[in-house]
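One structure is given here, and the rest of the page talks about it.
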Amino acid sequence: MLGQMMQQPLLISSLLVHAERHHGEREIVSRRVEGDLHRYTYRELGARARRLANALDGLGLAMSDRVGTLAWNGYRHMELYYAVSGSGLVLHTLNPRLHPDQIVYIVDHAEDQVLFFDLSFLPLMAAVAGRTSTVRHWVAMCDRAHLPADAAKIPGLLCYEELIDAQHDRYDWPIFDENGASSLCYTSGTTGNPKGVLYSHRSTLLHSYAAALPDSLNCSANDTILPVVPMFHVNAWGLPYVACMTGAKIVFSGPALDGKSLYELLEGEQVTVSAGVPTVWQGLLAHVQGNGLKFSSMKRTVIGGSACPPAMLRTFGEEFGVHVLHAWGMTEMSPLGTVCSLKPRHQQMDKDGRCAVMAKQGRVVYGVDMKIVDDDGNNLPFGSEKSGELLVRGPWIVDEYFKGEGGNPLRADAAGRGWFPTGDVATIDADGYMYITDRSKDVIKSGGEWIGSIELENIAMAHPAVAMAACIAAHHPKWDERPLLVVTKKPNAEVTKEELLAFFEGKVAKWWIPDDVAFVEVIPLGATGKMQKNKLREQFKDYRLPSA
Ligand code: ADP
C-alpha cells in the first residue's frame with residue numbers, strides 16, 4: 001500500500017520561492033569585486049534570478065547543460081546558484097586557484113556551454129578562452145561600465161548586467177524529477193585527474209535540511225551567516241541553500257579574505273555564524289589578537305575542510321566566547337558528514353574534557369551512516385581503540401563520478417550495499433564521535449605501526465612560536481618511515497628544534513615524537529587552503545634524518 005501524501009519533487013527553485021515569499025525583506029550583503037558593499041533582499045534576489053533564468057533560456061541551452069562559474073562569494077554567484085539549477089541546467093562551480101591547464105581540462109570534461117566569471121579572473125579566462133572546446137558564451141559578472149579595455153581579449157564577451165537587464169522578471173520555475181542533476185563540483189585531484197561529483201536537486205535539499213538542524217550547523221531566521229568557505233568549494237558547505245531555507249541573512253566576503261577585511265565584515269553586519277577552513281581563521285585570529293579586538297556578535301564558527309587544531313578551538317572559545325563547531329566532509333559528500341555537537345554527557349565535563357571531545361570531527365548528521373574497517377575489511381566496533389579506514393553511505397553521498405570516471409568507487413558490504421571509502425583513517429568512540437587520525441595517503445608507518453600525523457601537527461600548533469606545522473614521513477633505514485615535522489614560525493617568534501621536540505614530551509608516546517624538525521618559510525597550500533603534504537614529501541624526499 002502506498003502512502004497518500006502529495007507528490008512534490010524536492011527542487012532547488014522551491015528554496016528561493018520560499019525565501020522570497022516568507023523572508024522577502026531579509027538582506028543579502030556582498031563585498032564586491034568592484035570594491036563596494038552591495039546590499040539587497042531575498043525579494044530582489046528572486047526577481048534577478050528569474051531574469052537570469054530567462055537570459056539563460058535565451059542563450060539556447062538544453063536541459064542539464066553545464067554552466068560554469070569562476071567567482072568569489074557574492075550576490076551574483078548566489079543568483080547563478082538558483083537560476084542555473086532552478087531552470088534545469090547544471091551549475092558547475094570551478095576553483096579559480098587551480099592551474100590554467102587543470103581549468104581547461106575540467107571545463108572540457110564537464111562540457112561547459114557558458115562560463116560566468118568575476119572580473120578578477122579576466123586574465124585567467126583570457127588565457128584559457130582559446131583552449132577550451134565547448135564554451136559558447138563567456139559572461140563577465142559586472143556592468144558595462146566596469147568592463148576593462150582588455151575585455152576585448154575574449155571575443156563576443158557578454159556582460160552580466162546587460163544580459164539580465166534585457167529580460168523580464170516573470171519566469172515559471174520548471175517542475176522536473178528531483179533526481180535531476182543540479183550542480184557539479186570537481187575534487188581537487190591531488191592524485192590523478194580531478195573527478196566530477198554531480199549533485200541532484202533531491203540530494204541538495206536533503207543535505208540542506210540536515211545542515212540546518214540544531215546539532216548540525218544550527219541555522220535559523222534569526223542568524224546572520226557569513227560563509228567564508230568559497231562558493232566554488234562544495235556548494236559552500238550548503239549554506240547558500242540553508243540561508244534560503246531558514247531565511248537567515250547572508251553575508252558574502254568577495255575576494256577579501258584577510259583577517260582585517262573579514263573582521264570588519266563580521267562586525268559591520270553583526271554576523272552570528274561563519275564557516276571556513278582553519279587557515280582562514282588563523283589570519284582572522286592574528287588580526288583580532290594583534291589589535292586587542294573582540295567579537296561582538298559571532299556565536300558560532302564552523303571549522304572544517306582540514307583538522308581544526310585544538311589550540312584554535314580553545315582560543316575561539318576561551319578568549320572570545322565563540323563556540324567552534326568542528327565539521328568533517330568531502331566534495332563527494334555534498335559535503336556534510338559529521339559535526340562535533342556535544343551530548344548532555346559532555347556538557348557535564350570540565351573544560352579540558354569538553355575540548356578533547358570538540359577536537360574530534362564529531363558524530364554523523366542524520367542521513368549519513370559511517371563505519372570503520374580494518375585492513376581485512378572487517379567492521380571495527382564503536383569504542384574500539386583501533387583506527388581503521390572510514391566508509392560512508394547516504395542520500396547525499398556520491399554513487400559514481402561524473403561520466404563514470406575511475407570506475408565504481410563504492411565497496412559492497414556483505415548485504416551488497418555500497419559504501420564510499422573516504423580515504424580517511426579514523427577512530428569512532430563509544431558515543432559515535434569520529435576522530436580522523438590521518439588521510440590514508442598521509443599515514444606514517446614506523447616499524448609497521450601507524451603514527452597519527454594530525455595529532456602531531458595539533459601539538460606543534462599549540463606551541464606559541466608555531467604558525468603552521470605539517471608532519472610527513474621521512475625515509476628511515478631501520479623503521480621504514482619516521483615523522484619529520486615541517487614548521488613555519490610566527491613572525492618575530494623564535495623556537496629551536498630541541499625546544500619544539502621537548503614540547504612533545506608527555507603528550508604522545510615516546511616513539512611518536514618526530515625525529516627531526518625542518519623550519520621553512522612557507523608550507524604550500526592547495527586550492528582549498530589545505531596543506532599540500534604531497535608537495536612537502538616531494539621537497540623532502542632525499543632528506544636524511546639525523547637518526548638514519
Ligand atoms: P580533496 O580530497 O580534494 O581535498 P575535499 O575538499 O572534499 O577534497 O576534502 C575532503 C577531505 O578533507 C576529507 O576526506 C578529509 O581528509 C579532509 N577533511 C575535511 N574536513 C576535515 C576535518 N574536520 N578534519 C580533518 N580532515 C578533514
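The antiparallel fraction among DSSP beta bridges confined to the range 275-342 stands at about 35%. Rounded to whole numbers, the Karplus 3J(HN,Hα) couplings from phi for the range 476-483 are 9, x, 8, 9, 6, 9, 9, x Hz, using 6.51 cos²θ - 1.76 cosθ + 1.60 with θ = phi - 60°, and x at Gly and Pro.
Using the alpha carbons alone, the radius of gyration of the range 73-182 stands to its Kirkwood radius in an Rg to Rh ratio of 0.97. Sequence-ordered 3J(HN,Hα) estimates for the range 300-305 from the Karplus curve with 6.51, -1.76 and 1.60 and θ = phi - 60° stand at 9, 9, 8, 10, x, x Hz, glycine and proline given as x.
Taking a straight line from the alpha carbon of LYS371, these lysines sit under 27 Å away, with near neighbours fewer than eight places off in the same chain left out: LYS195, LYS343, LYS360, LYS386, LYS441, LYS445, LYS530, LYS533.
Remark: the ASP108-ASN222 segment gains 36.8 nm on full extension, using 0.36 nm per residue and subtracting the alpha carbon distance. With R₀ set to 22 Å, the beta-carbon distance separating TYR366 from GLU405 gives a calculated FRET efficiency near 0.15. Using equal-weight Cα scatterers in the Debye expression, the normalised intensity of the chain in log10 at q = 0.08, 0.10, 0.12 Å⁻¹ is -0.53, -0.84, -1.22. Quick check: the angle from helix 278-290's long axis to the longest principal axis of the chain, C-alpha only, nearest 10 degrees? Helix 278-290 sits at roughly 80 degrees to that axis.
Helix 12-22 and the longest principal axis of the Cα set of the chain meet at an angle near 70°.
Computed on the range 472-545, the Cα convex hull volume stands at 113 Å³ per residue.
Show me 147-153, 25-31, 226-232, 387-393 ranked by packing, highest mean number of other Cβ atoms within 10 Å first.
Details: 147-153: 12.7, 25-31: 19.4, 226-232: 25.0, 387-393: 21.4.
The packing order, highest mean first, is 226-232, 387-393, 25-31, 147-153.
Remark: the range 12-209 projects, on average over all directions, an area of 11.2 nm² (convex hull of Cα atoms).
Need one number: % antiparallel among DSSP beta bridges in the chain, to the nearest 5. So the antiparallel bridges in the chain amount to around 55 percent. Residues THR41, THR69, ordered by accessible area of protein heavy atoms at a 1.4 angstrom probe radius and largest first, appear as THR41, THR69. Fully extending the segment from ARG131 to GLU499 would add 127.3 nm, taking 0.36 nm per residue of separation and subtracting the current Cα-Cα distance. Note on the range 429-524: the C-alpha convex hull projects to 7.3 nm² when averaged across all orientations.
Suppose R0 equals 30 Å. What FRET efficiency, 1/(1 + (r/R0)^6) with r the Cβ-Cβ distance, do ALA145 and VAL522 give to the nearest 0.05? Could you put the intermediate results ahead of the total?
Details: r = 38 Å, r/R0 = 1.28.
The formula returns an efficiency of 0.20 here.
Could you quote the convex hull projected area for the range 108-162, Cα atoms only and averaged over all directions, in nm²? Projected over every direction and averaged, the Cα hull of the range 108-162 covers 3.5 nm². Here the extension length gained between TYR543 and GLN289 equals 87.8 nm, from 0.36 nm per residue of separation less the Cα-Cα distance. The Kirkwood radius of the range 212-264, taken over pairs of alpha-carbon atoms, gives through the Stokes-Einstein law at 4 °C and 1.567 mPa s a diffusion coefficient of 111 µm² s⁻¹. Diffusion of the range 168-269 by Stokes-Einstein, at 25 °C in a medium of 0.890 mPa s and with Rh set to the Kirkwood radius over alpha-carbon pairs, works out to 156 µm²/s. Pairwise alpha-carbon distances in the range 1-92 exceed 16 Å for 60% of all pairs. For LYS249, the aspartates and glutamates whose Cα falls under 12 Å of its own Cα, not counting residues fewer than eight places away in the same chain, are GLU25, GLU27, ASP223, GLU269.
Taking all protein chains together and a probe of 1.4 Å, list GLU521, GLU79, GLU455, GLU178 from the most accessible to the least accessible.
From most accessible down to least: GLU521, GLU455, GLU178, GLU79.
Close amide H pairs (under 5 Å, H built 1.01 Å from N) link ASP516 with LEU485, residues at least 5 positions away or on another chain. Shape analysis of the range 257-392 yields a ratio of the Cα radius of gyration to the Kirkwood radius, Rg/Rh, of 1.02.
The values are calculated or read from the model by the stated rules, or taken from the named source; none is laboratory data. Note that the structure is predicted; figures quoted are calculated from it, not measured. Don't worry about glycine lacking a Cβ; one is built from the backbone with ideal geometry, like all the others, and counts go over all protein chains shown. Only protein heavy atoms, including side chains, enter the accessible area calculation; ligands, DNA and RNA are left aside. Shrake-Rupley method; radii C 1.70, N 1.55, O 1.52, S 1.80 Å.
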